[in-house]
Structure formats: structure tokens, C-alpha cells
Amino acid sequence: MYKKLLGLLLVMVMAFGILGTTSNACYSKHKTKSKEIKLYIDGKKVNFTKDLGYPFIDDNSRTQVPFRAFSEACNFKVSWDGKKRVGYAKKCQVTFDIPVGCSFIKKNGKRIHSDTQNVIFQDRIYIPLRIVLESFGYKVTWDGDNRAIYVTSEDQVDVEEPVDDDDVEEPVVTSSSALRGVHIGDDVTSVTQSLGQPNRMDKSRYGFDWYIYNSDYKKYLQIGVEDDKVVALYTNASYWALDDTVRYGVASNTVKNSLGIKKTNNNQLKITKNDYDYTFYIDTLDHQKVVGVSIMAQSAKRNDYENKSAEALIASYEKQVFDLTNVERVNKGLQPFEWNEAVAVLARQHSKDMSDKNYFSHTNLQGEAPWDRAKKANIKYSYFGENIAMGQWDAIQVVSGWMNSSGHRNNILKEKYTGLGVGVWFNEKNVPHYTQNFIR
């Protein structure tokens, strides 16, 4: 009975979580029955009442649901500590803690992080149910026309069953100067002892080496190393968190208010603290969420390296654009691209042609469109597409820029494309030109 009730709780958690990206409406627009969010579990409707409260969608576009309503429906014992501002739900050996104003809940003391906060509304605790969406494998279907969620429970799922060590997720270590437990200032030996040898080493525009960890795009990390010390960190994967508030997926205003940042600059938030430069990258096409973070020691920045070594950066930028693009796809639940060398050669040729002949266009000076150039190179395809860019100073900047442009973003996230080739070239003034060619 316990597992059945807990399973019901988790099904409800998942069901409401999927609505986070479908609307930006406020609570008042969901009071009426005509706007009611309906939930069906194995064909049976779950009812919310005026006394218990109704679900609503918050400012971060996450669905909040009254915690007491579904907890008591599942026979959980619910209590409230007004001094600590924490709600509790207990059943058998499981305890849920819901601290108001925090972006996490705790299950038996283990944090499950969210991209929005637990809130009190009309004297009721509300919880953003997406926080456990990816933790459990239930089948959930959203009917937008009828504003209905259909949930099918999986009898074989046992949420208390132990898992093999190989299946245990790497814990998220929160620190204002660390990603995946690697801190600015760490010795490179401690990095390789913790994470193993990097999958690749790339040159950065500042001259230090990027240690690239890309074997799992869900945990993607770039570690800048100079004189055997960590001087920079970057990721656009969804795991990162500097603290309970500043983390992947939160609204940009949350980060601005938390860190005292005054303004947004080119879809980025920047601040310097303790001799570290922080840059937070914003997804303006997904509710102004913060999605990437760079931490760099100020001492690591040199402005003359790329002027001397542009040629050495070409291979680095090409591979990094490929990796960062794949991270964006994996973040959205899509399959990563496969590297296509023939397409990469074609992309590099176009970047070089634009650079050498001083133009910027998908169509070259001979009037050839991307697919024309592909056919000319005897590249066979069912679908073919292209993104180009010029002037962004590294792969991080260019991928972030493409993800903030609807047309470029659509190419990156298009399911029908399966392969990708990236080509980079620098002109005589060391201005980089970028080309992505997508293929199926």
C-alpha cells in the first residue's frame, strides 16, 4: 500500500510538471472551470477544490500545485513549522521537506533541485512539481486542446528499490567557484583524480588549455588549465548549480537579484567577485532562463593570444561548437548529432570563402546555396541546413547567440537532422567566421 500511494504521489508530481513550458498565465487565469487543469490517473480524474486550492503557473512558467491537497489525498501526514517556514509530509519511512522560498525539496534528507521556488499563496504551500519529473519513469500525455493530463502508472516501478552503483547520479556539488566539484585554483592533478583524463584538450582564446569532458553531454564541462592550475570553468549542461538560488533554469531576474547585478548585457549577466569574472548566459526564447555559466580568474585573461595563434583555434572552435550544440540538444531530450567529416570540410570551405572574399551570406559569390555546394561535393542527403555567424570571439559565444535566434535555434533542435559538420576560419584581421551544416 505504501509503495502504491507513493507511486501515486510521484505520478501526480510528474503530470503537473510537464505543464511548465506551455503557458505563462498567472493564477487568476486558472480559477474558472473553463481554464481548469484536469488530471487523469489510469482513467480516474483527480479533483482539486476551492478549499484545497487549485494549480497555477508561476512567473518562471512552472506549474505550482497545493501540496496539502495531494499529500492528504495519499494519506501522508502533513505538518507546518512556521518558525522555519518548512512544510513536512510523512508516510512510513519517507519524509518530504518543503522549505518555502527555496528552489528544492528534500526526500529523506536528499535534495531534489528545482528551477523555481516553493511558495505560499493564499495561506497554502505550493510546490513546483517538475522537480522530480526526470527522476521517475511514468508515461504522461498532455492534451492541450482540453487542458488535460493523462497519466499511466507503471506497475513495475518500485521507487524504493536499490539501484546499482553504476546507475547512481553524480551529486551536484554547489559552490560559488566550482562546477562538478572542481574549483578555480585547484591543482590539475586533483582534477584528473576526480574526473579522469579529459576527452580532449583545446586551446582557448586566452592561451590556456581547455580540458574537455564530453563523454556524457548531460555532465559536459570545460575546465581551463594554465600552469597546472584551474583558471576557468564553463558548462551549458543542465546540472550546474552555484547555490540553491543561482543555478541552471532559474529566471534571469532571480540571478540578478541574488548577486546584485544591475543590468543585462547582450543576453548575458556579468559580475566580478573575489577576482573571478562570472558570466551567466540567458535563453531569451525560453522565458529568460539562465542556462550557461562561465567562471574565470581575472589573471587568466590575455587579449593578445588569438592575434598570434588564430590558426591553432580553428580545430578547437569547431569541436567545441559541435559539443556545445549537442549539449543543447540533450538538454531538450533530443539525440546528439554525429560528426560528419565530409560536411565539416564543406562548412570550413564556406567559412574560408566568406573570410577571404569579405562577404557574409548563405549563398556564395557564385550564387551557390548550401545544398548546391553539398551536391557539388557529392554529399548525398535527405535534409540539409546551415547556420552561419561572424565575429563572436569563441564557440561559447556563437552557440549561445544561435540559441537566442529562432531560425538558428530551430536548426540546432530539429529532430530530422542527424549529422553535423562545423567549419571555422579567421580573416586577416583575426575575425572568426563560423558555419554549421546539418544533414540527414
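Quick notes on this structure:
- Exclusive hit being out of contact with any His (no Cβ under 6 Å at 6 or more places or on another chain) and within 24 Å of GLU226 (Cβ to Cβ), set GLU318, GLU341: GLU318
- Residue within the stretch 272-289 that is polar (S, T, N, Q), within 18 Å of TYR213 (Cβ to Cβ), touching a residue at least 40 places away in the same chain (Cβ under 8 Å) and open to solvent by 10 Å² or more (accessible area, probe 1.4 Å) present: no
- Pair list, Cβ < 7 Å and 6+ apart or interchain, from the stretch 362-380 residues that are more than 14 Å from ALA347 (Cβ to Cβ) and free of Cβ contacts under 8 Å to residues at least 40 places away in the same chain to residues that are part of a loop (DSSP other than H, G, I, E, B) and aliphatic (A, V, I, L, M): THR363/ALA369
- Filter result for THR325 (open to solvent by 20 Å² or more (accessible area, probe 1.4 Å) and touching a residue at least 12 places away in the same chain (Cβ under 8 Å)): no
- For the stretch 194-206, the criterion of being among the hydrophobic types (A, V, I, L, M, F, W, C) and under 20 Å from ASP277 (Cα atoms) is satisfied by no residue at all.
- Taking (1) at pLDDT 95 or above; (2) surrounded by fewer than 21 Cβ atoms within 10 Å (Cβ to Cβ) in turn, GLN320 satisfies each apart from (2).
- Counting the residues of the stretch 390-417 that are surrounded by fewer than 15 Cβ atoms within 10 Å (Cβ to Cβ) and assigned to a helix (DSSP H, G or I) gives 3.
- Filter result for the condition that a residue is at pLDDT 65 or above, among the β-branched types (Val, Ile, Thr) and open to solvent by 30 Å² or more (accessible area, probe 1.4 Å), over THR95, THR141, THR116, THR152: THR95
- Per-region count, the stretch 360-372, residues outside any loop (DSSP other than H, G, I, E, B) and within 34 Å of the chain's Cα centre (by Cα): 2
- Taken over the stretch 189-224, the criterion of being hydrophobic (A, V, I, L, M, F, W, C), open to solvent by 10 Å² or more (accessible area, probe 1.4 Å), in a strand (DSSP E or B) and touching a residue at least 24 places away in the same chain (Cβ under 8 Å) is satisfied by TRP210 alone.
- Candidate set: the stretch 328-359, residues that are outside any loop (DSSP other than H, G, I, E, B) and without any contact (Cβ under 8 Å) to a residue 24 or more places away in the chain; chosen: the one least open to solvent (accessible area, probe 1.4 Å): ASP353
- Residue tally, condition part of a strand (DSSP E or B) and under 22 Å from TYR281 (Cβ atoms), over the stretch 418-434: 6
- Members of the stretch 232-271 that are loosely packed, with under 15 Cβ neighbours inside 10 Å, more than 23 Å from VAL327 (Cβ to Cβ) and among the charged types (D, E, K, R): LYS262, LYS263
The values are calculated or read from the model by the stated rules, or taken from the named source; none is laboratory data. On a predicted model such as this, the values are computed, not experimentally measured, just so you know. Methodologically, a virtual Cβ is constructed for each residue, glycine included, from the backbone with ideal geometry; neighbour enumeration extends over all protein chains shown. Just so you know, the surface numbers come from the protein's heavy atoms only, side chains and all, with ligands and any DNA or RNA stripped out. Shrake-Rupley method; radii C 1.70, N 1.55, O 1.52, S 1.80 Å.
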